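Undergrad: Below is one structure. I have some questions about it.
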Amino acid sequence: MKRSNAVGRRICWLVIMAGVAIFSASGFGAGRSAAAAITIVDQNGRPVPNTPPSNISQIFDVTVGPNGTLVFSPDPVTISVGDTVRWTWGSSGHSSTSGTPGFPNGLWDSGIQNQPFTFSHTFNSAGSFPYYCTVHGQCCGMTGTINVESAPMAQSAFSRKVHGGAGTFDVPLPLTGNVGVECRSGGATNDYQMIINFATSVTVGGAVLTSGTGSVSSFSVSGSEVTANLTGVTNVQRITVTLMNVNDGTHMGNVPVSMGVLVGDVNGNAAVSAADVALTKSQVGATVSGSNFREDVNANGVINSVDVAQVKSTVGTALPP
Ligand SMILES: [Ca+2]
Ligand SMILES: [Ca+2]
Ligand SMILES: [Cu+2]
């Protein structure tokens, strides 16, 4: 435990307190019986393994003093950033208190509670978080550790389209700052393809459109490259695709990638205007290449009046904030 981080974490904790309180509300008064406390399951009724997979905001259950024993079970618990640990009292007169015996660090403290009781804490930063029971930590070694893993860092992301016989061209999707704007139409069924690259080989548990309209029709992983095929992605919106349970052998977690969809925004400034029409007109008849593929708005491999007309038809649209 790096205690120097405690202050920063405390600030973070204060900021998220409201959210935790809401999240915890469902946990309080859940009325778990002592018998249920023996089998540790998550919110979907699945047994909680020592190194579990993670979905968005997954809850992991820990029993406090099951059947009067002076332990937290299971321990240690490994989760991902954003996950919540829910402690359920399996006997009375215990606390779940962050820090080490005698040295609470203020990240969380249930206070000394009696059965039945539940207490939840959401972990929004990576690290190893020790905790203890204020009654039985010092005397009896009633301590535990929550290991919070961060997701592997994506190195780059793209929106990929095949432009007929002209080749395959990628719109970069920056992973921070302003979103990359995909200006090409998605065809009859509004299909797009997102490519996400990692530094090393990964496994991926799933891919989900977590914001915006559309869906992930399929995804595949080849070494360090993940491909997510999207469909039903309507125009004029921001979308986020989240790769779930990305694991590179060292880190594990969810990786979101966002994209702006604004057909006709060939200059990529998040609004379609006369400038986009002019830019498209200027490339009519030119060979589609890495420098002008955005003007091939319908991605058929040629830039002609059809592309110009398509841009004209979207003048006045802009990415929502
Ligand atoms: Ca524009
Ligand atoms: Ca075209
Ligand atoms: Cu205790």
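No lab work stands behind these numbers, since they all come straight from the coordinates. A quick note: this is a predicted structure, and the numbers were derived from the prediction, not measured. Positions of Cβ are generated from backbone atoms using ideal geometry, with glycine treated the same way; all protein chains shown enter the neighbour counts.
Undergrad: Which residues, taken from the range 290-321, are assigned to a loop (DSSP other than H, G, I, E, B), under 33 Å from the mean Cα position of the chain (by Cα) and of a type in the set (Gly, Ala, Ser)?
TA: Of everything in the range 290-321, those that are assigned to a loop (DSSP other than H, G, I, E, B), under 33 Å from the mean Cα position of the chain (by Cα) and of a type in the set (Gly, Ala, Ser) turn out to be GLY290, SER291, ALA299, GLY316.
Undergrad: For the range 247-272, which positions are of a type in the set (Val, Ile, Thr) and either surrounded by fewer than 21 Cβ atoms within 10 Å (Cβ to Cβ) or under 18 Å from PHE158 (Cα atoms) (or both)?
TA: Listed by number, the residues that qualify are THR250, VAL255, VAL257, VAL261, VAL263, VAL266.
Undergrad: Only one residue in VAL272, VAL171, VAL162, VAL241 is touching a strand residue (DSSP E or B) at 6+ places or on another chain (Cβ under 8 Å) and under 29 Å from SER57 (Cβ atoms), so which one is that?
TA: Of VAL272, VAL171, VAL162, VAL241, the one residue that is touching a strand residue (DSSP E or B) at 6+ places or on another chain (Cβ under 8 Å) and under 29 Å from SER57 (Cβ atoms) is VAL241.
Undergrad: Run down GLN310, GLN283 and say which single residue is over 26 Å from VAL241 (Cα atoms), away from ligand 3 (no atom under 16 Å from the Cβ) and touching an Asp or Glu at 6+ places or on another chain (Cβ under 6 Å).
TA: After ruling out the rest, the residue left standing is GLN283.
Undergrad: Look through the range 290-309, keep the residues that are more than 8 Å from ligand 2 (Cβ to nearest atom) and in contact (Cβ under 8 Å) with a residue 60 or more places away in the chain, and return whichever of them is farthest from VAL263 (Cα to Cα).
TA: Selected residue: GLY290.
Undergrad: Let me ask something else. Restricting attention to the range 57-84, which residues are out of contact with any helix residue (DSSP H, G or I) (no Cβ under 8 Å at 6 or more places or on another chain), under 18 Å from CYS139 (Cβ atoms) and among the aliphatic types (A, V, I, L, M)?
TA: Passing the criteria: VAL64, VAL71.
Undergrad: Among the residues of the range 266-289, write down those that are part of a loop (DSSP other than H, G, I, E, B), of a type outside the set (Ser, Thr, Tyr) and either in contact (Cβ under 8 Å) with a residue 60 or more places away in the chain or under 23 Å from ARG238 (Cα atoms) (or both).
TA: VAL266, ASN267, GLY268, ASN269, ALA270, VAL272, VAL288
Undergrad: Given the range 118-182, what strands (runs of 3 or more DSSP E) lie entirely inside it while holding 3 or more residues that are within 15 Å of ASN105 (Cα to Cα) and hydroxyl-bearing (Ser, Thr, Tyr)?
TA: Output list reads 127-132.
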